[in-house]
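Encoded as C-alpha cells, the structure appears first; notes follow it.
Just so you know, all these numbers are worked out from the coordinates, no wet-lab data involved. On a predicted model such as this, the values are computed, not experimentally measured, just so you know. With ideal geometry, Cβ positions are generated from the backbone for all residues, glycine too; neighbour counts draw on all protein chains shown.
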Amino acid sequence: MRMHNNKTKRYSKEDFAEMTFLLCATVSVFALLLIFIFLFANGLPAIGEIGLWNFLTGRYWRTADIPPSFGILPMIVGSVYMTVGAVLIGVPVGIFTAIFLAFMCPKWMYTFLKPAVNLLAGIPSVVYGFFGMIVIVPFIRTISLHFTGGGSGASILSAMILLGIMILPVVINISESALRAVPDSYYQGALALGASHTRSVFFVVLPAAKSGVFASVILGLGRAVGETMAVVMVAGNQPRMPESIFRGARTLTANIVIEMGYATDLHRYALIATGIVLLIFILIINVIFTVVTRKKEQ
Amino acid sequence: MLNKMGKKPVDIILFCLTWGFAALTLIALLFIILHVLINGIPHLTPSLFERRFTTENVSMFPAIISTIMFVVLTLAMAVPLGIFTSIYLVEYVKKGSKMVTLIRSAAEMLAGIPSVVYGLFGMLLFVEFFGFGWSLIAGSLTLTVMILPVVIRTTEEALKSVSGGYREGGFALGAGKLRVVFRIVLPSAVPGILAGVILAIGRIVGETAALIFTAGTIPQVPQELTQSARTLAVHMWNLSGEAHHTNEAYATAVILLLIVLLINTASALVARLITAKKD
C-alpha cells in the first residue's frame, strides 16, 4: 500500500512538471497568435474603410486633409529603396569580410577583428542613428549640394549607408560560419589541382557555401526592413513618393513610430494597418529564408 | 603572402578586394566608436548622474536605474519561460513531432518580427486591453515576448549539447525524469543558457522602438509596476531629438557603448567557458 502511494505521488509530480513545461512551451505560439489577432483586429477594419487598393497603392498620405487620404505606397517604395540600398552596400562588404575572417586573416588579427564585428552587432540602433544624424547626414548634404544643388542630407542615401553598416554583422557572422562549414577537402582538392589560395576560396569554397551566404543576405534584408529608430533619425521621413536618393523618404516602420504618438481614430488604425503590411513583408522574407535553409539541409 | 595570392589578375583583384572590404568594416566600426568616445567622454559631467532628472541637467541616472529594472523584470519572466520551453522541446517531445515543429516555427517567426511591431502589439494588448497604461510592466511584458525566442534558441542548443550518457547515467541510478533534467542536464547546460541570457540583456538594453509606446518616456525611477519609465536607449532617443542636448546625447551614447562592451566581454568569457568544458 505504501509502495503504491509513493508511486502515484511520484508520477503525479512528473506529470505536473511535464504539464508545466508544455504550458510554457505553448506561450510562444499564443504570443504569436495574439500579435496577429490584435494587429489584424485593429488594422483590418481601417483597411476595409480605406479600401485595400487605395491603401496599398494610394500615393498620398495626408492625414489632416478633409477628407484625409491614407495611401502607403510612398512608404512601401521608401522601405524597398532603403532595404535594397542597404543590401547593395552591406552585402558585398560583408561577404568579403567574412571570406577574410575565414580564410585570409592572420590569427592575431582574428582575435580582435571577430570581437570587433560582434561589437558592431551590439551597438544599439539609437547610437547608430545618432551617428548617422551627426556624421552621415552632413556628409551627404555636402555631396548633394555638389550633385543636385541642395537638400538637407537627411535622405534615402544616408539611410542606405547607415543600414548597410547595420546589417554588416549579420551578413559577416552567418556567411563566415557557412564558409567554415564547407568541408576542408574542397579547398584541399582545389589546391591539389593547382589553383591558388585565392582562387580555391572564391571559386570552390564560396560556391559551395552559397545557400548559407544567401541566408545571411535574407537575414540582413529582414533586419533592414524592420529597422526603425536609426532610419527615422537619418531618412528625412517625408511621406511622399521618393524622387531621388538625395531626397528624404519615409519607411513603413518610420510611419508608425512618428505618428503613433498623436494619431486618433481612423488615422491610428491606418498606422496599425501599416504594421500589418510590415508584418506581411517580414513573413515573406521568413518564408524565403526557410526555403533557402531547408534546401541547404537537403 | 604573394604565393598565397596567386598570379592571375583576377586573383590579385579578389585578394585586394578582400583585404580592402575587411579594412572598410574595421574602419566603419572604429570611426563610430572613436567618434562617440571622443565627443562623449568630455561631456560626462557629474550633473548627468544626479539623482533627479530636470530639463536643466537631463540626468541619465533615473534612466540607468530604470534600464536595470527592465532587464531584471524581463529576464525574471522570459528566462524561466524560455528554459521550460526548451526543456519541453528537447527532453519531453519525441523527435519529429508536430508539436515541436509548431513551437519552433512560432519561436522562429517571433524572432523575425521587427521591434516596432512588438511596440504596436504591446500597446494594443498590455497598455490598452489589459489597461496597464504606459508602464514598467507593459514594457517588460512586451520585451519578454521579444526576447523569448533568443532564450529558447540558445537554451535548446545548450540542452542538446549535453551528452545522452549523462541522462542515461541518471536514469540508471534510478532518478526520475524531473530529477535528471534539473540535477544533471540543466547544470551541465548553464554556460550555454548564460550565453543566451547575455544576448537577451543586450537586446533589452538596446531596444527603443518596442518601448516608447509601451513604457512611455517619463524620466523617473518608477516606484510601482504601473508607472512609466524610460530606459537609457529611450533616453538617448529623446535627447537626440533636441538640438541643444547633442553633447548630453554623446555622453549617453558613451555609457550605452560601455554597457555593450561589458556585455560582449561577458559573452566572450562564457563562450570560453563552454569550449573549456567541451575539452
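Observations
- Calculated from backbone phi, Karplus (6.51, -1.76, 1.60) coupling profile of segment B:20-25 in Hz, x at Gly/Pro: x, 5, 5, 4, 4, 4
- Treating each Cα of segment A:193-286 as one equal point scatterer and applying the Debye formula with no solvent, the log10 of I(q)/I(0) at q = 0.15 Å⁻¹ comes out as -0.72.
- Under 14 Å from the A:Tyr110 label point (7 Å along Cα→beta-carbon), backbone N, segment A:157-196: A:176-182, A:184
- What the Cα atoms of the protein assembly as shown give is an Rg and a Dmax of 25.2, 94 Å.
- Packing, as the average of other Cβ atoms within 10 Å across residues, places the peptides A:223-233, B:218-228, A:79-89 in the order A:223-233, A:79-89, B:218-228, highest first.
- Under the simplified labelling scheme, the B:Glu50-A:Ile66 pair shows an inter-label distance of 4.7 nm, with each label point 7 Å from Cα along Cα→Cβ.
- In this structure, the pairs whose alpha-carbon distance is over 32 Å, taken from A:Lys210/B:Lys8; A:Lys13/B:Lys98; B:Lys98/B:Lys177; A:Lys114/B:Lys98, are A:Lys114/B:Lys98.
- Compared with the alpha-carbon gap, the fully stretched path from A:Thr293 to A:Leu52 is longer by 83.5 nm at 0.36 nm per residue.
- Helices of chain A meeting both criteria, an alpha-carbon length of 30 angstrom or more along the long axis and an average Kyte-Doolittle score not below 1.0, with helices taken as full DSSP H segments, are A:73-99, A:156-181, A:265-297.
- Residue exposure sequence - A:Tyr269, A:Tyr186 - by fewest surrounding Cβ within 10 Å: A:Tyr186, A:Tyr269
- Gain on full stretching of the segment that runs from A:Leu22 to A:Met241 - 0.36 nm per residue minus C-alpha separation: 74.0 nm
- Over chain A - Rg/Rh using Cα atoms and the Kirkwood inverse-distance radius: 1.11
- Around A:Val87: net Lys/Arg minus Asp/Glu count, Cβ-Cβ under 13 Å: 0
- Separation in nanometres of the label points that stand 7 Å from Cα toward Cβ, at A:Ile258 and B:Thr246: 2.2
- Cα-only radius of gyration and Dmax that characterise segment B:125-262, units Å: 20.3, 69
- Zone residues, segment B:186-209, relative to B:Leu173, backbone N less than 19 Å from point 7 Å out along Cα-to-Cβ: B:186-190
- Extension gain from B:Ile68 to B:Leu30, taking 0.36 nm per residue of separation minus the Cα-Cα distance: 10.9 nm
- Our note on the geometry: Cα centres of segment B:252-268 and segment A:255-298, 30 Å apart.
- Dividing the convex hull volume of the alpha-carbon atoms in segment B:1-154 by its residue count gives 238 Å³ per residue.
- Least to most buried among B:Ser105, A:Ser185 (fewest other Cβ within 10 Å first): A:Ser185, B:Ser105
- For A:Lys210, A:Lys114, order by how many other beta-carbon atoms lie within 10 Å, fewest first: A:Lys210, A:Lys114
- Our compactness index for chain B, the C-alpha radius of gyration over the empirical 2.2 N^0.38 Å, is 1.23.
- Each residue of segment B:184-196 is assigned a 3J(HN,Hα), and the resulting list reads 10, 6, 4, x, 6, 9, 4, x, x, 5, 4, 4, x Hz, derived from the Karplus form 6.51 cos²θ - 1.76 cosθ + 1.60 (θ = phi - 60°), x at Gly and Pro.
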